[in-house]
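This report refers to the structure that appears directly beneath it.
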Amino acid sequence: MMKPLVACVFLLSHFAASADDALLGCWRNQQVHVTLADQSFNDQNRDCVTEYDAQFVRSRCHAASGLTETLSAYQRIGADTLRVTPLDPVSREAKGAPSEVRYRIEDQWLLIDREFPDAGAKAAAAKQPRSVKSVSVRVRPKGLAPTVDCTPRGDSKLRIGNAPVSSLAMTLPSGWQPLLIDPNTDRRLHPAVNTSLFIGAFIPAGASVDQPGPAQMVLVLDDVRSGAIAVHAKEFAAIKKRFAAELGAAKLTCDEVDRVCAFVPEDAGGAYTEMLNVNGRVAIVISSMVRPQGDAKPALRESAQVFAQRLRADNAQ
């Protein structure tokens, strides 16, 4: 009876004493999937990075109120399990109860899974979280820099509002300007964004926005429907099938390993959509035009590809 117990204690002490080298370093949050007790769920993301060293984990987040940082201690208590204890950043004393999280590393992605105890049968308990799953991507040094800049991206000049943010970086292509409208409050933009992470809406530089809607617009989104996972070729193949099924009578105009696209006719104009796999995320670029003069397909395709190429370049690892 004693031998199995001793073996178990030895195993736990081995994991607690040995850090997982693959975990060390900086990770950028990509998506958090929260399931509530009533089985409803929501997908979130903030402008945050998490940095692990051999003993501590530091989380840094940027919001409208500024930069925040939290400090926790962690122990590896199993091959895929961490015990995390929040700390006071000054005294480094525990300031909350420890929690256990499961983790795994897939290539350059860190996936975290945490379960919460049942809060009981009270009505308010239905909206309490039962599980949280998250995916983050490893942050690597930029260019020839010797170290990683483990900081949030900070203020964006491409969007406004408090909608969840994407981990994907994007700079403004030449000849375009951001359409600074909050998708949470704009009745035209909100249905198009839906649950996606909003990267930005863009119109040609100098275009008027006084009419009910811009004549031409490019919408760039980060799709969350696949969940808090790293999207590889297998997952993207399933996403392409879903996209093709959603098109109805419309046909795909491109079908590649990491890219799919199609024209979607509309009553008042048309739209061209590209979906592409960028750093394990499904980026969606929608180029639309209202009441075009003549064949708008070349212009729609060209404008979407400008933003697709910019996403690729700005997020190259």
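The values are calculated or read from the model by the stated rules, or taken from the named source; none is laboratory data. Since the model is a prediction, treat every value here as computed from it, not as a measurement. Cβ: placed from backbone, ideal geometry, glycine included. Neighbour counts: every protein chain shown.
Numerical summary
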quantity	calculated
Contacts under 9 angstrom Cβ, first residue in the range 198-210 being buried (at least 17 other Cβ atoms within 10 Å of the Cβ), partner of a type in the set (Asp, Glu) and not in a loop (DSSP other than H, G, I, E, B), 6 or more apart	198/222; 199/222
Residue within the range 55-76 that is assigned to a loop (DSSP other than H, G, I, E, B) and among the charged types (D, E, K, R) present	no
Residue check for residue 304: closer than 17 Å to residue 168 by Cβ, in a helix (DSSP H, G or I) and either at pLDDT below 95 or not acidic (Asp, Glu) (or both)	yes
Where residue 145 falls short, out of the listed (1) under 16 Å from residue 317 (Cα atoms); (2) in contact (Cβ under 8 Å) with a residue 12 or more places away in the chain	(2)
Failed item in (1) over 30 Å from residue 184 (Cα atoms); (2) outside the structural domain of residue 22 (by TED's automatic domain parsing); (3) of a type in the set (D, E, K, R), with residue 153 passing the rest	(1)
Boolean, residue 87 is surrounded by 12 or more Cβ atoms within 10 Å (Cβ to Cβ) and touching a residue at least 60 places away in the same chain (Cβ under 8 Å)	no
Any pair with Cβ under 6 angstrom, 6 or more apart, that starts in the range 156-174 at a residue that is without any contact (Cβ under 8 Å) to a residue 40 or more places away in the chain and not assigned by TED's automatic domain parsing to the domain that holds residue 230 and ends at one that is buried (at least 21 other Cβ atoms within 10 Å of the Cβ) and outside any loop (DSSP other than H, G, I, E, B)	163/198
Hits in the range 129-150 - residues which are farther than 15 Å from residue 43 by Cβ, under 16 Å from the mean Cα position of the chain (by Cα) and surrounded by fewer than 18 Cβ atoms within 10 Å (Cβ to Cβ)	138
The range 248-269 residues that are closer than 26 Å to residue 215 by Cβ, paired with ones that are charged (D, E, K, R) and modelled with pLDDT of 95 or more (beta carbon under 6 Å, 6 or more apart)	261/274
Qualifying residues in the range 211-224 (those that are assigned to a loop (DSSP other than H, G, I, E, B) and at pLDDT below 95) - the one surrounded by the fewest Cβ atoms within 10 Å (Cβ to Cβ)	212
Scan of the range 40-83 for residues that are buried (at least 18 other Cβ atoms within 10 Å of the Cβ), under 19 Å from residue 150 (Cα atoms) and among the hydrophobic types (A, V, I, L, M, F, W, C), ordered by number	48, 49, 57
Condition met for residue 49 (in contact with an Asp or Glu (Cβ under 8 Å, 6 or more places away or on another chain) and of a type in the set (Val, Ile, Thr))	no
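Here is a yes/no grid of residues against (1) within 28 Å of residue 282 (Cα to Cα); (2) modelled with pLDDT of 95 or more:
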position: 39; (1), (2): yes, no
position: 46; (1), (2): yes, yes
position: 52; (1), (2): yes, yes
position: 56; (1), (2): no, yes
position: 62; (1), (2): yes, yes
position: 70; (1), (2): no, yes
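Let's see how each residue does on (1) surrounded by fewer than 19 Cβ atoms within 10 Å (Cβ to Cβ); (2) of a type in the set (Val, Ile, Thr); (3) modelled with pLDDT of 95 or more:
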{"position": "238", "(1), (2), (3)": "yes, no, yes"}
{"position": "247", "(1), (2), (3)": "yes, no, no"}
{"position": "267", "(1), (2), (3)": "yes, no, no"}
{"position": "283", "(1), (2), (3)": "no, no, yes"}
{"position": "293", "(1), (2), (3)": "yes, no, no"}
{"position": "298", "(1), (2), (3)": "yes, no, no"}
{"position": "310", "(1), (2), (3)": "no, no, yes"}
